[in-house]
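Trainee: Pasting a structure here, questions to come.
Just so you know, all these numbers are worked out from the coordinates, no wet-lab data involved. This is a predicted model, so every value here is computed, not measured. When we count neighbours, we look across all protein chains shown, and the Cβ atoms used for this are built from the backbone with ideal geometry, even at glycine.
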Amino acid sequence: MSDASVPNNFGTRMLAAVERVGNKLPDPAMLFVFLLVVVWLLSWLLSYVSFDLIDPRTREALVINNLLSGPAMTAWMSLMVTNFSHFHPVGVVLVAMLGIGVAEHTGFINTGLRALLSVTAKWLVTPMVVLVGIVSHSAVDAGYVLVIPLGGVIFYAAGRHPLAGIAAAFAGVSGGFSANFVPSSLDPLLQGLSQAGARFLDPTIVLNPLNNYFFTTASSVLIVGLGWYLTDKVIEPRLKGVELDGDLEDLPRMHALDANERKGLRTSLLALLAGVVFMVVTAWPADSAWRDADGSLATGAAPIMASIVSLIFFMFVIPGIAYGIAAKTIKTSKDVIDGMTKAMHLMAYYLVIMFFIAQFVYAFGESNLGVLLALQGAAGLKALAMPAAVTLVGIVLLTALINLFVGSATGKWGLLAPIFIPMLMTLGISPDLTQAAYRVGDSSTNIITPLMPYFPLVVVYCQRYVTTTGIGTLTAMMLPYSISFLISWTAFLVIYYLLGIPLGIGSSYTYP
């Protein structure tokens, strides 16, 4: 990505080096094959080592399971198909993309974006994309399959480099994963795991699901500001010399809407509005089938939260079909199926990668190597006996490091909460504060680790515009965000803590 007009300073040279090294790595699919073999070998070698550690999940001595043993290998062989077919990101992405494919094929997305851009000031495009990425967390994984590709489309339609749009959206969706002013299902998920960890020491403790709400709300302002500056001043200038060589035929062009397009857009928006009204009317009653057993809509157990991906599917299929009929871009039902088929063609490479990632995730979990990594790191942190503010920084950095190897936010906190929460409670630090520190570290390095399940999908999004995009390209593009978020957000947390600003509803800084 070198260009004579791009400053040849140290930062630029470093990012270029990261890109070169990263792109020399094997294909992402083969990289996970290699990592799978490494896990197998490490599990075999470390299975002969006795560790003086207690597994917080079982309260028994930690044992590394040898995955090269006969029973372990036959178990893996019998579960290979299940590992892939039940791997959560696979179904989420494919179902959502079926709906998005229809909306794109009929022209609904194209026309809608052009209409939106016609009333949006160009200087506000970047913060809008980052902000939408942050808000998308309320819809679980919707940001990865919806907002990130649309970030590229929006920038391209605005005459800007589409990879910068993807970077801005990725920074908001994944880098700012825990910066949100709209409560989401992530809040009760993390709170539940934190409370379970705290009850190892205090069986009666109760944490509020919004115990970090004030902090995450304030953090959203920080992330939007940083994302805006980095996209416009660092990332996009560096992309100036990168030529687009992908399939751009179906992407929006900035020209005035014709009569059919205006009619189609009005019809599709009315269909979308009708869908929203239907959801509000059916979810509003206290005994609505969309609510969980306690009458809540916001918990992970609520059917409406479990149906987010399905709702995304219909949110695009119905307006997409309505647009196609009104704008006369749909002639027969085959046109709808063609849109879905085309979307699945684009997902072929993603499916290959997901197969190998699913096998790696299974092996890493079964081996207990992740537990060993977390326990050793936590033990070292506790031995240092640092002041609370410094300990918080240590928790953030340790979480950020572990996040490079264990991608799932809830899965990782399920592993770390029983370690970090009781450990820091003994040091007088509340579970609420420990959880906030975890959220900062977990979010900041999401965007630079290929082990994050959606990272290969973002590579695929980039390849639509620049076919040579690889792991190194995306890592180099996102590294400035990751470093800036990690440093600035950690400093923000420490200052927030020292000022004593409430973390959230019913939260505290100290224990007891």
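Trainee: Treating only the Cβ of Lys, Arg, Asp and Glu as charged (+1, +1, -1, -1), what charge dipole size does the chain show about its Cα centre? Round to the nearest 20 debye.
Mentor: Roughly 700 debye, rounded to the nearest 20.
Trainee: Can you tell me the relative contact order of region 163-309? Whole percent, Cα pairs under 8 Å, sequence separation 6 or more.
Mentor: Value for region 163-309: 25 percent.
Trainee: Out of the GluC sites (Glu not before Pro) in region 197-281, which ones are loop residues according to DSSP with at most 15 other C-beta atoms within 10 Å?
Mentor: Glu243, Glu249
Trainee: Convert each backbone phi in region 256-263 into a coupling constant with the Karplus relation 6.51 cos²θ - 1.76 cosθ + 1.60 (shift: θ = phi - 60°), then list the ³J(HN,Hα) values in order as whole Hz, x for Gly and Pro.
Mentor: 4, 6, 8, 4, 5, 5, 5, 5
Trainee: Restricting to Cα pairs below 8 Å that are 6+ residues apart, what does the relative contact order work out to for the chain? Please round to a whole percent.
Mentor: 26
Trainee: Another one. Gain in length, Leu257 to Ala196, computed as 0.36 nm per residue apart minus the alpha-carbon separation, to one decimal in nm?
Mentor: Numbers: separation 61, 0.36 × 61 = 21.96 nm, distance 5.49 nm.
The Leu257-Ala196 span can extend by a further 16.5 nm.
Trainee: Could you give the nm distance between label points at Glu243 and Val95, where each point is 7 Å from its Cα heading toward the beta carbon?
Mentor: Calculated label separation equals 4.3 nm.
Trainee: Going by a ≥ b ≥ c, the root eigenvalues of the Cα gyration tensor, does region 330-484 fall in the rounded group (a/c under 1.5), the prolate group (a/b larger than b/c) or the oblate group?
Mentor: Prolate.
Trainee: Against the longest alpha carbon principal axis of the chain, how many degrees, from 0 to 90 and to the nearest 10, is the axis of helix 108-118 turned?
Mentor: 90
Trainee: In degrees, nearest 10, range 0 to 90: what is the angle between the Cα axis of helix 369-384 and the longest Cα principal axis of the chain?
Mentor: Tilt of helix 369-384: around 60 degrees.
Trainee: Now for a different question. 5 Å is the cut-off here: which amide hydrogens, built 1.01 Å from N in the peptide plane, fall below it relative to Ile429, excluding neighbours closer than 5 in sequence?
Mentor: Tyr511
Trainee: Give me the distance between the Cα centres of region 310-383 and region 434-509, rounded to whole Å.
Mentor: 20
Trainee: Highest mean first, what order results for 301-314, 443-456, 480-493, 144-157 on Cβ atoms within 10 Å?
Mentor: Answer by packing, highest mean first, reads 144-157, 443-456, 480-493, 301-314.
Trainee: Now for a separate question. Between 0 and 90 degrees, rounded to the nearest ten: what's the tilt of helix 28-46 against the longest Cα principal axis of the chain?
Mentor: Rounded to the nearest ten degrees, it is 10.
Trainee: Straight distance only, please: which lysines reach the Cα of Lys263 with their own Cα at less than 17 Å, same-chain residues fewer than 8 apart left out?
Mentor: Lys328, Lys331
Trainee: Rounded, prolate or oblate: which one fits region 199-330, using the alpha carbon gyration tensor with axes a ≥ b ≥ c (rounded when a/c is under 1.5, else prolate when a/b beats b/c, else oblate)?
Mentor: It is oblate, given that a/c is not under 1.5 and a/b is not larger than b/c.
Trainee: Arrange Tyr438, Tyr229, Tyr362, Tyr509 by Cβ neighbour counts within 10 Å, fewest through most, would you?
Mentor: Tyr229, Tyr509, Tyr362, Tyr438
Trainee: Spelling out what I want: for every residue of region 172-181, take phi, set θ = phi - 60°, compute 6.51 cos²θ - 1.76 cosθ + 1.60 (Karplus), and round to whole Hz; glycine and proline get x.
Mentor: x, 5, 9, x, x, 4, 9, 10, 8, 9
Trainee: If R0 is 41 Å, what FRET efficiency do you get for Leu384 and Phe181 from their C-beta distance, rounded to 0.05?
Mentor: The calculated FRET efficiency here is 0.75.
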